[in-house]
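The values are calculated or read from the model by the stated rules, or taken from the named source; none is laboratory data. If you're wondering where the values come from, they're calculated on a predicted model, not measured in any experiment. Glycine gets a Cβ as well: all are built from the backbone with ideal geometry, and neighbour counts include every protein chain shown. When the accessible area is computed, the model is the full protein with side chains, heavy atoms only, and any ligands, DNA or RNA have been set aside. Shrake-Rupley method; radii C 1.70, N 1.55, O 1.52, S 1.80 Å.
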Amino acid sequence: MWRWTKNIIQALSSVFSPGKTESAEESISEGRHLPDVHFDNLTIVDKAPSNDVVGPKQFIEVIYKDVPRWAIFKCPCSCGNTISLPLQRPHSPLWRVTESRAGRPTLHPSVWQNKGCMSHFWIEDGRVSWCGDSGIAPSIARPDLYGRPRN
């Protein structure tokens, strides 16, 4: 029964919203509204670009010698900060990037800026979903996890 329902959802979503992907199917089946696509594609390079070269809606994954190294993009809040996240050990925390069927990035776990804009968000299928505590320092919003801010 679920497979039949999923096929109908997929067919309807391709007719009414051709840009939607597997994430969209799940959201439609759960009755959730999807945010607009922010990152149209995933650009893969072998050398990290300078921050001033990264465009406002560009998501770059640096892969060197077949090893994912960095995810680089401008903060989606429009503050202009370039975010660089490690994708390899020994960094902690480290993130993981996957590419959707539509060629857009998904990033796990969430991003929570601890300086500047304090944005907290998820990126899934190129769409940015804002967390309710965005704009609040992690050490204030979640002192149980992040402790007190350092001076």
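So how exposed is ARG127, as accessible area in Å² (1.4 Å probe, rounded to 10)?
Using a 1.4 Å probe on the heavy atoms, I get roughly 20 Å².
Measuring from centroid to centroid over Cα atoms, what is the spacing of region 114-137 and region 35-92 in Å?
15
With every protein chain in place, what's the accessible area of THR106 (1.4 Å probe, Å², nearest 10)?
40
If each residue of separation counts as 0.36 nm, what is the full-extension length gain between ILE136 and SER50 once their alpha-carbon separation is subtracted?
Full extension of this stretch gives 28.1 nm more.
Per residue of region 39-44, what does 6.51 cos²θ - 1.76 cosθ + 1.60 with θ = phi - 60° give for ³J(HN,Hα)? Whole Hz please, x for Gly and Pro, Karplus curve as stated.
Once θ is set to phi - 60°, the couplings for region 39-44 become 9, 5, 8, 10, 9, 10 Hz.
What number comes out for accessible area per residue over region 71-151 if the probe is 1.4 Å? Units Å², please.
58
Between GLN58 and ARG32, what's the calculated FRET efficiency when r is the beta-carbon distance and R0 is 30 Å? Round to 0.05. Please list the in-between numbers first.
Numbers: r = 26 Å, r/R0 = 0.88.
Rounded to the nearest 0.05, the efficiency is 0.70.
Order ILE44, ILE136, most accessible first, counting only protein heavy atoms with a 1.4 angstrom probe.
Result of the area sort, largest leading: ILE44, ILE136.
Would you work out what percent of the accessible area of region 48-129, with all protein chains in place, is carbon or sulfur (probe 1.4 Å)?
Carbon-and-sulfur percentage of accessible area, whole number: 50.
What ranking of TRP95, TRP130, TRP70 comes out by heavy-atom accessible area, probe 1.4 Å, highest first?
Putting TRP95, TRP130, TRP70 in descending order of accessible area: TRP130, TRP70, TRP95.
Can you pull the accessible area of VAL67 for me, 1.4 Å probe, Å² to the nearest 10?
60
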